[in-house]
Structure formats: structure tokens, C-alpha cells
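Asker: Below is the structure I would like to discuss, written out as C-alpha cells.
Each value in this text was obtained by applying a stated rule to the coordinates, not by laboratory testing. Everything numeric here is computed off the predicted structure, so don't read it as measured data.
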Amino acid sequence: MLPEGKGLFLAMDQGLEHGPKDFNLKTIDPFYVLDIAVQGSFNGLILQKGIAEKYHEHYRYKVPLIVKLNGKSSLAKIDPYASQLCSVKKAVDLKAKAVGYTIYLGSPLEHQMFREFSKIQEEAHEYGLPTIVWIYPRGPFIKNDLETDILAYAARVGLELGADCVKMKYNGDAEGYKWVIKSAGKTKVLVAGGEKTDPASLLKEVREVMQAGAAGLAIGRNVWQHEKPLAITNALKAIIFGKKKVEDALKLIK
Ligand code: FBP
């Protein structure tokens, strides 16, 4: 899953998480994004089971599948909780190479997500599948979800829960992020992309997190909303795998 200990994963579960606002007439077609995953030789493609099941002929055996096992929509303004929607067994049937699960750390419902994930982690490991936890501090008790110590807490929780990777946000604190990544111990840290931004800012952040010790990215909108998705993919790879500087990676987009 992580060649040389590093990886670049493409996420397309935003249709459930955010709804149509993230898409246009081109990107709403799952095939458009699946094609980017295949053409861009991503190390993994993150899907909910619905798209994984219905579109398998477009990606299976071409790009490794990571099935997201839980999720929520953005409509219900309640305590953050993403319920389990897919079993580990179903992910195995879909030929997944890893499974993903979101935990909203600090949510009044975190205990339910801990319990659900704990079972998933044990079952996934019995099948030989690694687990990736989207670990997002969120809810009424979290004043600042991007504070360095809160992110470090989240990273450490991922390790303690037995996640093989955690997927986290970056807060722009290049020095502090080393502490976040150290806190994760042997659990690898993958960084989320966030809303679409300009390529120079994105690549600068990617370089910073890689220098802090991150294992790579699990990114969505900044790739498939980009007008040249394969060019931005190459630029990301140049930094992640080639340790290139931002200026050099940017040349791959122009
Ligand atoms: P992006 O790179 O598009 O931000 O995708 C990463 C991701 O973790 C998705 O897997 C998920 O749908 C989304 O972000 C969740 O974002 P949030 O919970 O912040 O709305």
C-alpha cells in the first residue's frame, strides 16, 4: 500500500460527505475521477461501497481500492458521528486492499466510533487488510481542531487504537507538525487535501508535511477539481517520492 513507505491516494467520497457543491457536470460522473486514479497510477482509490460496487470494472486490478466503511452527510447538524455503512467482509468481497474509518475525536459520540473501529481493526487485520483512520477532532468540545497539540493528540489516539495509517489535516505549522507525526509513532500519517487551493500553496504544504515526516497524502478535490488533474498528480508525486522543491514541481503543471 505504501511503496518506499510513502503513498498518494485519491479520495472520492465527497458526494456523501459534502453533496453536489464539490462537483460540476464533468466531475459528478464517477468515471471521470476513476479515470484519473487509473491514469495517475495512484497508490490507492478511496470509495464508499456504492461506487466501488457499481463501477468496479473501471478500476479493479488497475488501482488498489480502499473502502471507506463509515460516513455521514453534511445535512444533519448534530453531534459528529459517522455510522458504519459497510462491513469488512463486504470490503474484502470488493477486493479492497485496505479499509478506512472516520473518528471524530472529542465528539460526544466518540465512544461509539472507538467501539466500532476497534472491532473493524481486529477483523481487518484477520483478513490482512491495513486500516486508515480519518481522525478529525470535531464537535462542541473542540475549540480549535487545527491546534498542534490537538492534532498530536489525534495522531497518538490513532496509534493507540491500532490504526496502520491516520489521515489528518495540516495546520500550516511546519515545525509543530514534526511533533504531530512523532506522536503517531509507527502509525503512518497521511495528510488530507482540503478545499481546492492554488497549486503553489498546495505544493508548499505538501513539501512541509513530507519534511515533517508524513507518509504522503490522501487527497481529493485539489486533484479532480483541477483543470489538469494528471499534471497536479505528477507535481505531487515529484514532491512526495522525488523530494523535489516546490519550484521544480510547479514546472510540471505549467
Ligand atoms: P479532500 O482532499 O477533497 O479534502 O478529501 C479528503 C477528505 O478526507 C475526504 O475523504 C472526505 O470526503 C472529506 O475530506 C471530509 O472532509 P470534512 O470532514 O472536513 O468535510
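Asker: Name the residue, out of 49, 26, 77, whose mean-square fluctuation peaks in a Gaussian network model built on the chain with Cα pairs under 10 Å.
Answerer: Maximum among the listed residues: 77.
Asker: How much of the pair distance distribution for region 13-106 lies past 17 Å, counting alpha-carbon pairs only, in percent?
Answerer: It works out to 52 percent of all Cα pairs.
Asker: Next question, about the same structure. What share of the DSSP beta bridges in the chain is antiparallel, in percent to the nearest 5? Could you put the intermediate results ahead of the total?
Answerer: On the way: 2 of 30 bridges.
Around 5 percent of the beta bridges assigned by DSSP in the chain are antiparallel ones.
Asker: 222 nm [θ] for the chain, helices only, -39500 (n - 2.57) per DSSP H run of 4+, per residue, to 500?
Answerer: That comes out to -11500 deg cm²/dmol.
Asker: Next question. Under a 10 Å cutoff between Cα atoms, tell me which one of 217, 202, 47 has the largest fluctuation in the Gaussian network model of the chain.
Answerer: Its mean-square fluctuation being the largest, the pick is 202.
Asker: Which translational diffusion coefficient, to the nearest whole µm²/s, is obtained for region 1-58 from the Stokes-Einstein equation, given a Kirkwood hydrodynamic radius over C-alpha pairs, 20 °C and 1.002 mPa s?
Answerer: Translational diffusion coefficient: 176 µm²/s.
Asker: On a C-alpha basis, how far is the centre of region 46-75 from the centre of region 182-254 in Å? Whole number, if you could?
Answerer: Region 46-75 and region 182-254 have Cα centres separated by 22 Å.
Asker: Return the single residue from 180, 67, 166 with maximal mean-square fluctuation; model: Gaussian network over the chain, springs between Cα atoms under 10 Å.
Answerer: 180
Asker: If the chain between residue 143 and residue 84 were fully stretched, how many nm would it gain, using 0.36 nm times the residue separation less the Cα-Cα distance?
Answerer: Extending this stretch completely gives an extra 18.6 nm.
Asker: Next up: Suppose we take every Cα in the chain and form the convex hull; what volume per residue is that in Å³?
Answerer: 115
Asker: What is the gain in length, in nm to one decimal, between residue 94 and residue 173 on full extension, counting 0.36 nm per residue of separation less the C-alpha to C-alpha distance?
Answerer: So the chain would gain 24.6 nm between residue 94 and residue 173.
Asker: Once you've got the Cα coordinates, tell me which of 26/89; 54/204; 196/245 are over 26 Å apart. Please list the in-between numbers first.
Answerer: Working: 26/89 33 Å; 54/204 36 Å; 196/245 21 Å.
From the list (26/89; 54/204; 196/245), the Cα-Cα distance tops 26 Å for 26/89; 54/204.
Asker: Once fully extended, how much extra length lies between residue 26 and residue 160, figured as 0.36 nm per residue of separation less the alpha-carbon to alpha-carbon distance?
Answerer: Gain on extension, residue 26 to residue 160, equals 44.1 nm.
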